[in-house]
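Note sheet for the following structure.
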Amino acid sequence: MSGLRLTEGSRGPGASVAVEGAPLTRTQVPYVTGSSVLGMKCADGVVIACDTMASYGSLARFKRLTRMHVASPNCILGVGGDYSDFQQLQTMVDAEMTAQYVANDGLSLSPKAIHAFLARHMYHRRCKVDPLWNSVLVAGFHKGEGTLSLVDLYGTAYSSDVLATGFALHLGLPLLRNAHRPDITVAEAKVVMNDVLKVLFYRDARTNDVVQLATVTAAGVEVGDMVKLDTEWNHKAFVQGARAGDESSW
Amino acid sequence: MCRGVLSCFCLLDHSQYDLSSTTFSPDGRVFQIEYAQKAVENSGTAVGVSCKDGVVMAVEKVVVSKMLVPGTMRRAHLVDHHSGLVISGLISDGRQLATRARDECSSYKSVYDSAIPGHVLAERLANFAHVYTLYAYVRPFGCAALLGAHDDTNGYQLYLVEPSGVSYRYFGAAVGKGKQAAKTALEKLDFKSLTCREAVKELAKIIVDVHDEAKDKLYELEMCWVCEESKNMSQLVPQDVVDEARKAAEAAQDDDSDMDDDE
């Protein structure tokens, strides 16, 4: 025995077991996790939305935690995945912003630059096979235009008019795509977000019904309060089971 | 006999004892440190006050060329959200000190998740400077830093970090060429009732008064504050405020000299 190795374990298929003589492997599973984040670019800004729960496995461990972080006056992050890795990201971004502040040269990091900064870090970590287990939505407003980008634990980085992470890649993204128009306003998008969050809460067992929306517009970042979703549990399918009234032979 | 004469000669001009900061002189001095302090005394004056609603620092930056773009080669630096410093002495040594101060701020933040208290920062900076007085293969810093900071426990603070590695907390401090005259002027201020806005004017007046027009014609006035007005954030004092204070100080000086002429 080579003594206690904290990296040993077999939690799920991603976990690797450190074997004597074999290369040391890093933590390969997230522990306390946040679920999906949604984002939509609008004509007059960007909206991002997520619920406020952090799960420990399937346990609803922490409720009413914010999964958003204001990076700069015109940029906000919405983060899913490992919560402690998210906190590490916050520390990194804040340190970068402090460096910007003390330089006092009249320059500031644009949302695009913040996204690139995160993407470099995430890719660097994944190349060390020690990733920060997150997907991050970066929403910003710069030079009269909204920006919405994503970076994940592999360092994959891209931008789009509508973005979703986690379970919402499956359940939320199609709804967002249907709802999106180039001329959609922030106010309209907020309503859409609420609807999609509701769907996610019904179907994704790692979410709660307290959600948070944030907007970035020409006026800057505005982080909304945590709001309880108005849910309806008397749908026939909920009461009688998923196949209620289903006449198909499937 | 001959050697005795030689060593006597050497002693007279310090040359045995000032080659390294690792050597004490027989009367207990370290000449290398004193020379470093000399480098500060040759530099533009820096003054600072800790007053009622903040801490303000000002520095006279002697401009080396008329073609220099204003605002380059700064002597006032921000080191964290709540602290800043101004440098008197060698400008590049000062930048080293500012960089170290920033590192100390961020490392404290990463460990304790809170902003570094002023006295901790001052102590760490002084330690940093002190280390450069201990070894033969390095030279002491040719600069002194006036450090202004705010924290919730100790309020507004002003420290002076010297090349020797000492740092004291002051209500008012001055270093550089005009420090004697500046100190005399500072002593007349009532730090308890003085506001930062007033302090900006007073400091501008001190710098203008101690400035040696005959020797250094051109100079820029740089100021840095941490005060209620700046929401306890470190800030370079807005240029228009500095300009206004300087103009008023220069006008007052002209009036004085007119009066002198009348007499």
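Assorted remarks:
- For region A:151-162, 3J(HN,Hα) per residue [Karplus equation, 6.51 cos²θ - 1.76 cosθ + 1.60, θ = phi - 60°, Hz, x = Gly/Pro]: 9, 10, 5, 8, x, 4, 9, 7, 10, 6, 6, 10
- In Å², nearest 10: area of B:Lys109 left accessible to a 1.4 Å probe: 80
- Region B:56-75 versus region B:182-257: alpha-carbon centroid distance in Å: 15
- For B:Lys66, the lysines whose Cα comes closer than 19 Å to its Cα, not counting residues fewer than 8 places off in the same chain, are B:Lys215, B:Lys217.
- Coil-residue GluC sites (Glu not before Pro) of region A:150-250, DSSP, other Cβ within 10 Å capped at 14: A:Glu232, A:Glu247
- Note on chain A: Lys pairs 8 or more places apart or on different chains, Cα atoms under 21 Å apart, count 11.
- Of the residues A:Ser108, A:Ser36, B:Ser15, ranked by 1.4 Å probe accessible area with the largest first, the sequence reads A:Ser108, B:Ser15, A:Ser36.
- Unit charges at the beta carbon, dipole of region B:28-257: most positive-side option, B:Val69, B:Ile207, B:Ile91: B:Ile91
- Under the Debye formula (equal points on every Cα, no solvent term), log10 I(q)/I(0) of chain A at q = 0.07, 0.17 Å⁻¹: -0.27, -1.25
- Chain-alone versus full-assembly comparison, region B:61-108, residues with accessible loss of at least 20 Å² (1.4 Å probe): B:Arg74, B:Leu78, B:Asp80, B:His81, B:Arg102
- Accessible surface of the protein assembly as shown, 1.4 Å probe, proportion on carbon and sulfur as whole %: 54
- Put the Cα centre of region A:57-81 next to the Cα centre of region A:158-172 and the gap is 16 Å.
- For region A:173-184, 3J(HN,Hα) computed residue by residue from phi via the Karplus equation (6.51, -1.76, 1.60; θ = phi - 60°) reads 4, x, 5, 5, 5, 4, 7, 6, 10, x, 9, 5 Hz, glycine and proline entered as x.
- Given chain B, longest segment not containing exposed loop chymotrypsin sites (Phe, Trp or Tyr not before Pro) (DSSP; at most 12 other Cβ within 10 Å): B:138-263
- Shown here for region A:143-207: trypsin sites (Lys or Arg not before Pro) in loop regions (DSSP other than H, G, I, E, B) with at most 13 other Cβ atoms within 10 Å, namely A:Lys143.
- Only protein heavy atoms count here; under a 1.4 Å probe, B:Glu229 has an accessible surface of about 100 Å².
- Along its principal axes, region B:28-257 has C-alpha extents of 51, 40, 36 angstrom, given from the largest down.
- Positions from region A:97-127 whose accessible area shrinks by 20 Å² or more when the full protein complex is built, not the chain alone, probe 1.4 Å: A:Thr98, A:Tyr101, A:Val102, A:Asn104
- On Cα atoms only, tilt of B:91-112 relative to the major axis of chain B in degrees: 70
- Based on protein heavy atoms only, region A:33-221 ends up with 43 Å² per residue of surface accessible to a 1.4 Å probe.
- Of the residues A:Cys127, B:Cys196, ranked by 1.4 Å probe accessible area with the largest first, the sequence reads A:Cys127, B:Cys196.
- Distance from region A:213-250 to region B:79-97 (C-alpha centre basis), Å: 55
- Restriction of the trypsin sites (Lys or Arg not before Pro) in region B:24-105 to DSSP coil positions whose beta-carbon has at most 10 other beta-carbons within 10 angstrom yields B:Lys66.
- Label-reachable residues, region A:163-179, where backbone N falls under 13 Å from a point 7 Å from A:Val29's Cα toward its Cβ: none
- Å² of accessible area per residue within chain B, as computed with a 1.4 Å probe and no ligands counted: 52
- Distant-in-sequence amide H partners of B:Cys143 (H built 1.01 Å from N, under 5 Å): B:Leu90
- Here the alpha carbons of the protein assembly as shown define both size measures, Rg and Dmax, at 30.8, 123 Å.
- Largest to smallest accessible area among B:Glu60, B:Glu162, B:Glu202 [probe 1.4 Å]: B:Glu202, B:Glu162, B:Glu60
- In the assembled protein chains, A:Asp225 presents an accessible area of approximately 120 Å² (probe radius 1.4 Å).
- Buried surface for the A/B pair, taken as the accessible area of each chain alone minus that of the pair with a 1.4 Å probe, is close to 700 Å² in total.
- Span-like helix criteria (full DSSP H runs; alpha carbon extent of at least 15 Å along the helix axis; mean Kyte-Doolittle hydropathy of at least -0.5) are satisfied in chain A by A:83-103, A:186-203.
- Rg/Rg_ref, region A:60-100, where Rg_ref = 2.2 N^0.38 Å and atoms are Cα: 1.24
- Helical runs assigned H by DSSP (4 residues or longer) give the protein assembly as shown a calculated mean residue ellipticity at 222 nm of -11000 deg cm²/dmol, each run adding -39500 (n - 2.57) before division by the residue total.
- The amide H of B:Leu194, built 1.01 Å from its N in the peptide plane, has B:Lys52 as neighbours under 5 Å, considering only residues 5 or more places off or on other chains.
The values are calculated or read from the model by the stated rules, or taken from the named source; none is laboratory data. These numbers were taken from a predicted model, which means no experiment stands behind them. Cβ coordinates were reconstructed from backbone atoms using ideal geometry, including for glycine residues, and neighbour counts include every protein chain displayed. Accessible surface is based on the protein model in full, side chains and every heavy atom, while ligands, DNA and RNA are left aside. Shrake-Rupley method; radii C 1.70, N 1.55, O 1.52, S 1.80 Å.
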